[in-house]
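Asker: Let me give you the structure first, and then I'll get to my questions.
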Amino acid sequence: MTRGTRETTREHAEISDESTATTAPLISIKQEHGRPSRVFPTASFAGAVFTLSTNIIGAGIMALPAAMRVLGLVPGIILIISVAILTDASIEMLIRCSRAANKSTYGGVMGDAFRKIGRRLLQITVVLNNVGILTVYMIIIGDVLSGTSASGAHHFGLLEGWFGVHWWNSRALVLLVTTVAIFAPLTCFKRVDSLRITSTASVALAVFFVVITAGIAIFKLADGTIQMPKLFPHLTDLPSILRLFTVVPVIATSYICHYNVHSIDNELHRSTQIHRVVRISLTLCSAIYITTSFFAFLLFGESTLDDVLANFDSDIGIPYGSILNDAVRVSYSLHVMLVFPVIFFSLRLNLDGLLFHNVIYLAANFVPSIWDAFQITGATAVVCIGFIFPASIILKDPHGVATRGDKVIAIFMIVVALASSSVAMYSDICLQNRKNP
């Protein structure tokens, strides 16, 4: 074996090892001749759909009603569907390039197309994305349990409402106790499959939240105590126009799942099923997103907060309203607590877990709202992982699998992602400056 051959072989092995660490499978696998081999029985089609849907549906659902408040129902629903279609296209590109490169992870495809720099860039964006998402989860828990302030008004948390305001139910202490007592033990498992029971419970809690919210809105609509919300945005000046662009990163964040698609694909009995799995999951999640956004915006209208859970702290005008309010907030805060360890697994593979427990805890205490957190991650890491990286791989096309149409779509995807992110960040800066002259 020549020196050049040995170096090439070593470089390929490095790419395989590091890309596997970037996006580890959801269940353990072993290596045989450099290829992943399943240790457990292969996943069913329905199980794959359920798993991917679980990865998609997260804290993003809490900010979607506020997106409807900004856009209006018609543009909001159109944007949710449009982002789902673009997500499907980007995942299809990613899977096709994976087949051509004979790679079983997202990192492997990036390494194949852009060598070490592409692999490293993906690692950085995965870390940024997961830290942002986990920070949002902590913010939601803090809002629900300890309350939040918005537009000069304080919305009481569950602990404040039940026991009054005390030092022991302050936001900082509640998040610290949650981190030490719940997150730390659950993130110590070596395999994410160990969390299958808590993951199933988290999905049931999310569905419960959607059903209760829809039920309350339908009851009040039938009772005539609420009216249909606005269908289109009210554009009166430049800031109102700029604010429309701040919604795009928020909705894009709600669909990010690309770094888990390969893990699910590796477990399927037939790899050709992954495209149907992705489309059914995206359809299911889009239906849930639209339903939740519609009924929550219908229920609260222009008073919808960035974190809609904070709206469930006042009299909603129906029998047993206070009980339903508490049920909604408890169910979703528990859902977030149980999903947190699953997201943390991929983060832990890249950097030290203890360090990021501290980073996430500090960020959750100082980031103003989930809207700001979604904008930061949505305008940076999310657009890279979900759209720019897959489109760049298609344009690079090292194995000649892309058609002219694919490259047109890829260019469109990159232009839209960069333009929307840039305008969204500029808009948010302008709005913040107006608030704090």
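The values are calculated or read from the model by the stated rules, or taken from the named source; none is laboratory data. This structure is a prediction, so every number in the text was calculated from the model and none was measured. Positions of Cβ are generated from backbone atoms using ideal geometry, with glycine treated the same way; all protein chains shown enter the neighbour counts. To get the accessible areas, we keep the full protein, side chains included, count just its heavy atoms, and leave off ligands, DNA and RNA. Shrake-Rupley method; radii C 1.70, N 1.55, O 1.52, S 1.80 Å.
Asker: I85 fails exactly one of the following numbered conditions: (1) aliphatic (A, V, I, L, M); (2) open to solvent by 30 Å² or more (accessible area, probe 1.4 Å); (3) touching a residue at least 60 places away in the same chain (Cβ under 8 Å). What is the number of that condition?
Answerer: (3)
Asker: Please determine, by comparing only the residues of the range 220-244 that are surrounded by 10 or more Cβ atoms within 10 Å (Cβ to Cβ) and of a type in the set (V, I, T), which one is farthest from the chain's Cα centre (by Cα).
Answerer: T225
Asker: Scan the range 295-304 and give yes if some residue there is in a loop (DSSP other than H, G, I, E, B), among the β-branched types (V, I, T) and in contact with a Phe, Trp or Tyr (Cβ under 9 Å, 6 or more places away or on another chain), otherwise no.
Answerer: Of the residues in the range 295-304, the ones in a loop (DSSP other than H, G, I, E, B) are 304.
Restricting the remaining residues to those that are among the β-branched types (V, I, T) gives 304.
Imposing the further condition that a residue be in contact with a Phe, Trp or Tyr (Cβ under 9 Å, 6 or more places away or on another chain) reduces the set to 304.
Yes, there is a match, as at least one residue in the range 295-304 is in a loop (DSSP other than H, G, I, E, B), among the β-branched types (V, I, T) and in contact with a Phe, Trp or Tyr (Cβ under 9 Å, 6 or more places away or on another chain).
Asker: Okay, moving on. Could you run through the range 288-338 and say how many residues are of a type in the set (D, E, K, R), under 17 Å from the mean Cα position of the chain (by Cα) and closer than 21 Å to I78 by Cα? Can you show your working first?
Answerer: Going through the range 288-338, the residues of a type in the set (D, E, K, R) turn out to be 302, 306-307, 313, 315, 326, 329.
Applying the additional criterion that residues be under 17 Å from the mean Cα position of the chain (by Cα) yields 306-307.
Then drop every residue that is not closer than 21 Å to I78 by Cα, which leaves 306.
Summing the residues that are of a type in the set (D, E, K, R), under 17 Å from the mean Cα position of the chain (by Cα) and closer than 21 Å to I78 by Cα in the range 288-338 gives 1.
Asker: Within the range 88-111, which residues are open to solvent by less than 50 Å² (accessible area, probe 1.4 Å) and not in a helix (DSSP H, G or I)?
Answerer: Correct list: S104, T105.
Asker: Return the pair list, or none, for Cβ contacts closer than 9 Å from residues in the range 303-315 that are within 17 Å of S146 (Cβ to Cβ) to residues that are open to solvent by 40 Å² or more (accessible area, probe 1.4 Å) and among the aliphatic types (A, V, I, L, M), at least 6 apart or on different chains.
Answerer: As it stands, the answer is F312/L324, since those pairs meet every condition given.
Asker: Looking at the range 99-121, I want the residues that are over 11 Å from I393 (Cβ atoms) and touching a residue at least 24 places away in the same chain (Cβ under 8 Å) and have a partner that is open to solvent by less than 60 Å² (accessible area, probe 1.4 Å) and among the hydrophobic types (A, V, I, L, M, F, W, C) with Cβ atoms under 6 Å, at least 6 apart or on another chain. Which pairs are those?
Answerer: Short answer, once both residue conditions are applied: G107/L122; R119/M110.
Asker: In the list L128, L122, which residue meets the criterion of being in a helix (DSSP H, G or I) and open to solvent by less than 10 Å² (accessible area, probe 1.4 Å)?
Answerer: Numbers: L128 fails: open to solvent by less than 10 Å² (accessible area, probe 1.4 Å).
Every option except L122 fails the conditions.
Asker: Can you name every residue in the range 263-287 that is without any contact (Cβ under 8 Å) to a residue 24 or more places away in the chain and either under 17 Å from the mean Cα position of the chain (by Cα) or more than 19 Å from R96 (Cβ to Cβ) (or both)?
Answerer: Within the range 263-287, just A287 meets the criteria.
Asker: For the structure I just gave you, tell me whether N260 is in contact (Cβ under 8 Å) with a residue 60 or more places away in the chain, within 22 Å of A206 (Cβ to Cβ) and part of a helix (DSSP H, G or I). So that I can check it myself, show each step before the final result.
Answerer: Working: in contact (Cβ under 8 Å) with a residue 60 or more places away in the chain: yes; within 22 Å of A206 (Cβ to Cβ): yes; part of a helix (DSSP H, G or I): yes.
Judged against the criteria, N260 is a match.
Asker: Let me ask something else about it. From Q432, Q375, grab the single residue that is within 25 Å of A63 (Cα to Cα), modelled with pLDDT under 85 and open to solvent by less than 30 Å² (accessible area, probe 1.4 Å). So that I can check it myself, show each step before the final result.
Answerer: On the way: Q432 fails: open to solvent by less than 30 Å² (accessible area, probe 1.4 Å).
None of the others qualify; the one that does is Q375.
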